[in-house]
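Engineer: Below: one structure in structure tokens.
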Amino acid sequence: MSEESAAPAPLSHAERLWRIRHSCAHVMAQAVQEIFPEAKLAIGPPISDGFYYDFDLPRPLTPDDLEEIEERMKRVVKGNHEFRTWEVPREEALTYFRERGQDYKIELIEDLGEESVRFYQQDTFVDLCAGPHVRRTGELKAFKLLKVAGAYWRGDSDRPMLQRIYGTAWKNKTDLAAHLEQLEEAKKRDHRKLGRELDLFSFHPESPGAPFWHPRGWQVYRELRRLWSELHDEAGYVEICNPLIYNKSLFEKSGHWEHYNEDMFKLESEGETFCLKPMNCPDTMLYYKTRRHSYRELPLRVSEGQHLHRNELSGALNGLFRVRQFAQDDAHIFVTEEQIESEISNVIKLIDRLYGLFGLSYRVFLSTRPEKFMGDPALWDRAEADLASAIEANGLEHRVKEGDGAFYGPKIDFEVTDSLGRKWQCATIQLDFQLPLRFELTYTDRDNQPRTPIVIHRALFGSFERFIGILIEHVAGAFPTWLAPVQLMLLPINDACAPACHEAAASLRTAGVRVEVDDRSEKLGYKIRESELRKVPWMAVVGHKELESGLFSVRSWQHGDQGSMSLDALTTMLSERIRERAFDVELQTIAWSEDEDEDVLETAPSY
């Protein structure tokens, strides 16, 4: 009797979805192979809210192909075929796939190096797979194919590009419909689309993977940067600014060269290899070493928010979410062992305060030692225990992500949930015993003896670029007043009223309000509509009646007519919202059935 035909143990919702999606990938592969018998199969795993399978096909797929594949999948499902599994000796498995020309499966088996491998079969389709799956294809009641994308085999750009078919699968049709509704809303909120419509940023092939910030988008960026600086000033950080290009020897010393050099941009000069900086950790260690330190200086909180560069594959670039140039809102805190818990607690409070400004909830994970790690395991155990203690001291519920830590230390990851119910890993706190040892950092202790500090690496936003992308989609492009590129639009009804609007605008700018005057010779309704399309949070109409009364007819982007206000009252209202950084946005939320155990969509850049 096969595993799937035996009486199953109770499954969690997340495990049930995982099996459904994994099984759908196999059914999809069968459908593709029926259409293209010569198809070469790569891999087909379940992913967050769906699945994919990579294929080497004789021609590019079309939307019509997806429809046909989906119809064939439905026929397989209707047949209610059992998923059967059995062990196959390694050489027998290699022979099986060689006879069928399945080069990618052969490569997988050879790399596994196991004496035997597991096969799965549903209907007439046989695949190499570790499982598990659902018991029968009839259990796959709700799925939909979504799109085709390019993908390199094992990320190797020197290999031919494969075609990756993405799909989604759910327990029932109600959950599938809710997810498809969420996807449609996400398309409307796509930050790349809104970035163009709101004139925030653009991308150009002359510098792929690097955003070109337009004045309005740069204003949003500057406001976030100003917030970041104010929070750090209040919390006792000092800010530094280091070079962008370093000799590779720096990254060899830090250990990054061994782990990440393929992701670095390199250049040659005078027979030596240099790199564009992909992270701030190593050069912050250099800053620390510029002078001697006493225990009295610790904790030493050092922030740095420069641009970084990482050589992301072109196929992985994704608007502001995955770029080659970005600014990580980084900081490194040099502490004694006794200060670890209190400093981590301070960072947690900072993160909580920051996310509260944007209406973002979050959950916490402790990410532990990965398979490839640097340093003494005993130090790792200490670091993991210290992080767990700090989490508990702050009364936070958390889960453990085994093996998901950075190569030099464990970390606390903060995953925010946006208004569409999607999860994004943003802030991180990493505890590092390793780099201070590699760079031979010291401070003089109370007994006048040299000691090695411990370093807390942390980021709040993750990166400014990525956080702005998340925020645009979270608020559907309608920023709160304090963050909006244009906070108020003055709308004169004719040319005669324009001078008064410009005079009021000058007064408002003096009070710190970002205001524009739409003095074009257009009808008032057109101007209002244009301002609404640009999602300017506030508008004020000025006509002859307003000039006589000294009052402005105020409109809110979200709530329409707000009545009449004097210039002083309007200035006070806006100034208070800006000063308090009020989150005066009513989020348009979508009900979301995703299980809380599901993976995040994207993780923040980290090294």
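The values are calculated or read from the model by the stated rules, or taken from the named source; none is laboratory data. Everything numeric here is computed off the predicted structure, so don't read it as measured data. With ideal geometry, Cβ positions are generated from the backbone for all residues, glycine too; neighbour counts draw on all protein chains shown.
Engineer: Just one of GLU580, GLU586 is farther than 30 Å from LEU11 by Cα, modelled with pLDDT of 90 or more and of a type in the set (Asp, Glu); which is it? Talk me through it step by step, then tell me what you get.
Structural biologist: Working: GLU586 fails: modelled with pLDDT of 90 or more.
Just one listed residue meets the conditions, GLU580.
Engineer: Within segment 26-58, which residues are in a helix (DSSP H, G or I), within 18 Å of PHE119 (Cα to Cα) and of a type outside the set (A, V, I, L, M, F, W, C)?
Structural biologist: HIS26, GLN30, GLN33
Every residue, every condition in (1) at pLDDT 95 or above; (2) over 22 Å from GLN219 (Cα atoms), yes or no:
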| residue | (1), (2) |
| --- | --- |
| ARG514 | yes, no |
| ARG520 | no, yes |
| LEU533 | no, no |
| VAL541 | no, yes |
| PHE552 | no, yes |
| GLY560 | no, yes |
| THR571 | yes, no |
| LEU574 | yes, no |
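Engineer: A follow-up question, please. Just the residues that are part of a strand (DSSP E or B) and surrounded by 19 or more Cβ atoms within 10 Å (Cβ to Cβ), please, taken from segment 434-472. Steps first, please.
Structural biologist: Start the filter on segment 434-472 by keeping residues that are part of a strand (DSSP E or B), which leaves 443-444, 450-451, 454-459.
The answer is TYR443, ILE454, VAL455, ILE456, HIS457, ARG458, ALA459.
Engineer: Now for a separate question. Having 1 or more residues that are of a type outside the set (D, E, K, R) and in contact with a His (Cβ under 6 Å, 6 or more places away or on another chain) is the bar; report the strands (runs of 3 or more DSSP E) wholly within segment 493-556 that clear it. So that I can check it myself, show each step before the final result.
Structural biologist: On the way: elements: 515-517, 538-542, 551-556.
Ranges flagged: 515-517.
Engineer: What's the total number of residues in segment 359-387 that are of a type in the set (A, V, I, L, M, F, W, C) and modelled with pLDDT of 90 or more? Quick ask: steps written out before the conclusion?
Structural biologist: Taking segment 359-387 and keeping what is of a type in the set (A, V, I, L, M, F, W, C), we get 360, 364-366, 373-374, 378-380, 383, 385, 387.
Narrowing the set further to residues that are modelled with pLDDT of 90 or more leaves 360, 364-366.
Residues meeting the conditions: 4.
Engineer: Out of GLY150, GLY167, which single residue is within 33 Å of the chain's Cα centre (by Cα), among the small types (Gly, Ala, Ser) and crowded, with 19+ Cβ neighbours inside 10 Å?
Structural biologist: Working: GLY150 fails: crowded, with 19+ Cβ neighbours inside 10 Å.
None of the other options fit; the residue is GLY167.
Engineer: Please pick out the residue among GLY356, GLY395, GLY403 that is within 24 Å of the chain's Cα centre (by Cα) and modelled with pLDDT under 90.
Structural biologist: On the way: GLY356 fails: modelled with pLDDT under 90; GLY395 fails: within 24 Å of the chain's Cα centre (by Cα).
Of the residues listed, the single one that is within 24 Å of the chain's Cα centre (by Cα) and modelled with pLDDT under 90 is GLY403.
Engineer: Residues to consider are SER575, SER553; find the one that is farther than 18 Å from PRO485 by Cα and of a type in the set (S, T, N, Q). Please lay out each step first, then the result.
Structural biologist: Values: SER575 fails: farther than 18 Å from PRO485 by Cα.
Exactly one of SER575, SER553 is farther than 18 Å from PRO485 by Cα and of a type in the set (S, T, N, Q), namely SER553.
Engineer: How do the helices (runs of 4 or more DSSP H) wholly within segment 189-298 filter down when requiring 3 or more residues that are hydrophobic (A, V, I, L, M, F, W, C) and surrounded by fewer than 19 Cβ atoms within 10 Å (Cβ to Cβ): which remain?
Structural biologist: Working: elements: 191-197, 215-234, 248-254, 256-260, 281-288.
Result: 215-234.
Engineer: What do you reckon, is VAL76 in the same structural domain as CYS24 (by TED's automatic domain parsing) and within 31 Å of the chain's Cα centre (by Cα)? Steps first, answer last, please.
Structural biologist: On the way: in the same structural domain as CYS24 (by TED's automatic domain parsing): yes; within 31 Å of the chain's Cα centre (by Cα): no.
In short, no.
Engineer: Restricting attention to segment 78-88, does a residue exist that is touching a Leu at 6+ places or on another chain (Cβ under 7 Å) and under 22 Å from LYS105 (Cα atoms)?
Structural biologist: no
Engineer: Give segment 170-179 a look and list any residue that's among the hydrophobic types (A, V, I, L, M, F, W, C) and crowded, with 20+ Cβ neighbours inside 10 Å, or say none. Working first, answer last.
Structural biologist: Just the residues of segment 170-179 that are among the hydrophobic types (A, V, I, L, M, F, W, C), to begin with: 170, 176-178.
Scanning segment 170-179 gives a single hit, TRP170.
Engineer: Condition first: more than 25 Å from ARG466 (Cα to Cα) and either in a helix (DSSP H, G or I) or out of contact with any Phe, Trp or Tyr (no Cβ under 8 Å at 6 or more places or on another chain) (or both). Now tell me which residues in segment 161-188 satisfy that.
Structural biologist: If the condition is that a residue be more than 25 Å from ARG466 (Cα to Cα) and either in a helix (DSSP H, G or I) or out of contact with any Phe, Trp or Tyr (no Cβ under 8 Å at 6 or more places or on another chain) (or both), then LYS171, ASN172, LYS173, THR174, ASP175, LEU176, ALA177, ALA178 are the ones that fit.
Engineer: Check every one of the strands (runs of 3 or more DSSP E) wholly within segment 309-388 and list those with 1 or more residues that are out of contact with any Pro (no Cβ under 7 Å at 6 or more places or on another chain) and closer than 23 Å to VAL400 by Cβ.
Structural biologist: Details: elements: 325-327, 330-335, 361-367.
Fully inside segment 309-388 and qualifying: 361-367.
Engineer: Turning to a different aspect of this structure: Out of curiosity, is ASP158 assigned to a helix (DSSP H, G or I), modelled with pLDDT under 95 and over 30 Å from GLU532 (Cβ atoms)?
Structural biologist: Numbers: assigned to a helix (DSSP H, G or I): no; modelled with pLDDT under 95: yes; over 30 Å from GLU532 (Cβ atoms): yes.
When the stated conditions are applied, ASP158 does not pass them.
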